[in-house]
Structures are given as structure tokens and as C-alpha cells.
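The block underneath contains the structure these notes are about, expressed in C-alpha cells.
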Amino acid sequence: MPELPEVETVRKGLELHVVGRTIATAQVLHPRVVRRDPAGPGGFAAALAGRPVKLAERRGKYLWLTVDDDEALLAHLGMSGQMLVGDPDRPLTPHVRARFTFADGGPDLRFSDQRTFGHLMLVPFAEVGGLRPLPAPIAHIAPDPMEAAFDPAAFADRLTSRHTGVKRALLDQSLISGVGNIYADEALWRAKLHWARPTGTLRRGEVSRLLEAVRDVLGEALRAGGTSFDAMYVNVNGESGYFDRSLQAYGREGEPCSRCGTPIRRDPFMNRSSYSCPRCQPRPRRAHW
Ligand SMILES: [Zn+2]
């Protein structure tokens with residue numbers, strides 16, 4: 001499943017290959033891809049024809065193209081979404097759900113999504129609290145820790161005033177966006193914090209350590225994801241070199257912790273799993289499952 005680093009790699013690709021060009025046609029090849037767009041497949045396609053693409057932006061796992069200055073072509077990659085840029089005459093592959101051609105006749109853009117959890121919609125911008133305008137459906141999503149708008153002091157205040165476990169808080173998109181299950185486990189391992197630690201018991205220093213760990217983990221994954229990116233092909237499939245090389249906790253049940261040698265433990269967590277080192281990340285006396 002694409003997480004923030006993979007989505008950022010796609011955003012950079014779109015910035016390089018699509019920004020500055022004018023959409024000639026938009027085709028919806030499967031109606032499910034625009035299921036959240038009130039205009040439906042016909043309205044979505046008609047509204048994009050002839051529009052210039054000004055910017056490629058991202059917050060958390062959402063990315064969008066700003067068309068003209070007043071609307072956003074908002075995309076969520078879901079489980080398996082890919083953005084493909086290439087020769088407009090190449091054959092259509094079975095999972096392409098939408099296709100965009102450009103007025104310059106150059107490479108086209110295809111949204112491919114095998115499992116169809118991803119979606120596209122054309123939406124207006126909304127301003128919330130005088131901050132930068134965001135596509136209206138995601139205006140409530142908190143800044144992600146890699147963007148300039150992220151305020152570490154405000155994050156610390158909001159985190160420690162919650163009555164929840166620290167991992168649940170990291171996955172809460174209204175508090176901090178773009179941190180998925182894998183990166184949460186990795187950041188908690190680095191910061192030596194147990195995932196069920198009640199947020200109200202975190203000291204300032206621990207919150208700083210956690211935030212630094214989140215940024216380090218995401219930053220390393222971004223650099224790893226960036227290496228699989230070539231000039232003519234923008235592609236994300238939820239796999240980056242990072243997952244193979246650098247995971248210290250996630251998916252490593254029973255393997256020795258690289259810091260202390262204790263076998264990594266797996267606990268069930270919200271229908272998924274949490275991986276941690278029992279020695280480096282001792283379970284708190286009061287745990288918040
Ligand atoms: Zn350890």
C-alpha cells in the first residue's frame with residue numbers, strides 16, 4: 001500500500017512530467033475511479049478538457065494537480081494505484097481506469113489501479129483557519145511532518161492532551177497525516193517507545209524524539225523511493241527499496257532487535273499488527289490498547 005514516501009515520489013514525477021501542460025482530453029475507463037465525484041464520469045471528463053495544470057501538491061497520502069488556479073484534480077492511490085506517464089500510442093493495459101492526453105501531443109498520463117480502491121475527483125479549494133488552501137474534501141486533514149505548515153509545538157500539545165495510545169495517535173489523520181502502520185512501528189522502535197504508551201504520560205523530550213524518528217524514517221524512505229524513478233515512467237506500486245533494506249521492527253517477528261538482540265515481538269493491533277522490541281520498548285504499566 002503506498003504510504004507518504006511513495007506518494008511523494010509520484011508527486012515529484014507529476015511535477016516533472018505533467019505540470020505546465022494543458023489537458024486535451026480526460027477519459028474515464030471505469031466509472032468506479034470517479035465514484036466520489038458528484039459530476040460523474042461524463043461531467044468529470046468534460047470539466048477537465050482544455051485546462052492547464054499549474055502545480056502538483058501533496059498532503060499525507062493525498063496528491064492533487066491544481067488546474068487553472070481554482071480547482072484540484074485530487075487523487076488517492078488506495079491500495080494499488082499507479083500514475084503512468086508514457087508514449088500516448090502505447091496499448092492500454094487492463095487496469096487503466098482513467099487516461100489524460102495533453103494539448104502538446106506528448107506523453108499521456110494514465111491512472112492504473114488493479115484493486116480499484118483508489119479514486120480521482122475534481123474539487124474546489126477551501127481555506128481552513130487561514131492556512132494554505134487545500135482541496136475541500138481533505139481540508140480537515142492535519143499537516144504531515146514533512147511539510148512547512150507542520151507545527152511541532154502544536155503537535156506536542158495536541159498529542160499529550162489526548163487519551164489514547166501513542167500509535168493510535170500517530171495513525172490519526174486529524175492529528176498528523178501520512179504516517180501509516182509500517183512507519184509508525186519503525187518510528188516508535190527508533191524512539192524506544194512502546195506503541196500502547198498513553199499519550200498523556202509522554203514527556204516533552206520523548207515527543208521530540210518521536211517526531212525526529214518519524215521524520216528520519218519518512219526521509220530515508222523518500223530517498224530510497226526516489227531511486228526507483230526514471231525519466232519517462234512515473235510508477236508507484238507500494239514497494240520501495242526502503243522496505244527491503246531498512247526495516248528494523250515491522251514484519252520482523254522473532255528476529256533479533258538490531259540494537260539489543262532481543263527477538264522482536266508482534267501484538268495484534270486494530271486488525272493489523274504492531275511490532276516492537278520488548279527490551280528497548282518496554283510495555284508501560286498503564287497501557288492504552
Ligand atoms: Zn531492542
In deg cm²/dmol, rounded to 500, what helix-only [θ] at 222 nm does the chain give when every DSSP H run of at least 4 residues adds -39500 (n - 2.57) and the total is split over its residues? -8000 deg cm²/dmol
Placing each pseudo-label 7 Å from Cα in the direction of the beta carbon, Ala139 and Arg215 end up separated by a distance in nanometres of 2.9
What dipole magnitude, in Debye to the nearest 20, does the chain give about its Cα centre under +1 on Lys/Arg Cβ and -1 on Asp/Glu Cβ? 1420
Distribution of pairwise C-alpha distances over the chain, 10 Å bins, in %: 6, 27, 31, 21, 12, 3, 0
Take peptides 44-53, 113-122 and line them up by average Cβ neighbours within 10 Å, highest first, as a rough protection proxy. 113-122, 44-53
Chain lengthening between Val19 and Gln114 when straightened (0.36 nm per residue, less Cα-Cα): 31.6 nm
Can you list the residues, at least 5 places off or on another chain, whose amide H is less than 5 Å from the amide H of Arg97, using H built in the peptide plane? Phe111, Ser112, Asp113
Need one number: nm distance between label points at Ala49 and Met270, each 7 Å from Cα along Cα→Cβ, rounded to one decimal. 4.3
How much length is gained if the chain between Thr93 and Met79 is pulled fully straight, taking 0.36 nm per residue apart and subtracting their Cα-Cα distance, in nm to one decimal? 3.2 nm
Hey, can you rank 270-278, 191-199 by average C-beta count inside 10 Å, highest first? 191-199, 270-278
Per-pair calculated FRET efficiency, R0 = 45 Å: Asp69 and His163 via Cβ, rounded to 0.05: 0.60
Run down the lysines and flag those whose C-alpha is under 17 Å from the C-alpha of Lys12, throwing out any fewer than 8 positions away in its chain. Lys54, Lys61
May I ask for the equivalent-ellipsoid semi-axes of the stretch 70-123, computed as the square root of five times each C-alpha gyration tensor eigenvalue and listed largest first in whole Å? 19, 16, 7
Could you check which residue among Leu170, Leu29, Leu92 shows the biggest mean-square fluctuation in a GNM of the chain with a 10 Å Cα cutoff? Leu92
Table column - 3J(HN,Hα) (Hz), the stretch 78-95, Karplus curve with 6.51, -1.76, 1.60, x for Gly and Pro: x, 8, 9, x, 9, 9, 10, 10, x, 3, x, 8, 5, x, 6, 8, x, 9
Sum of side-chain charges, Ser273 neighbourhood, beta-carbon under 9 Å (Lys, Arg +1; Asp, Glu -1): -1
In degrees rounded to 10, the 0-90 angle between helix 4-17 Cα long axis and the longest Cα principal axis of the chain is 30
Of 208-221, 177-190, 94-107, ordering from highest average Cβ density within 10 Å down gives 177-190, 208-221, 94-107
Once the Cα atoms of helix 181-191 and of the chain are each reduced to a long axis, what angle between those two axes, in degrees from 0 to 90 to the nearest 10, is obtained? 40
Once fully extended, how much extra length lies between Arg279 and Glu127, figured as 0.36 nm per residue of separation less the alpha-carbon to alpha-carbon distance? 50.2 nm
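Computed from the coordinates by the stated procedures, all read-outs in this text should not be read as laboratory data. Small disclaimer: the values here were computed from a predicted structure and weren't measured. Note: ideal-geometry Cβ built from the backbone for every residue, glycine included; neighbour counts use all protein chains shown.
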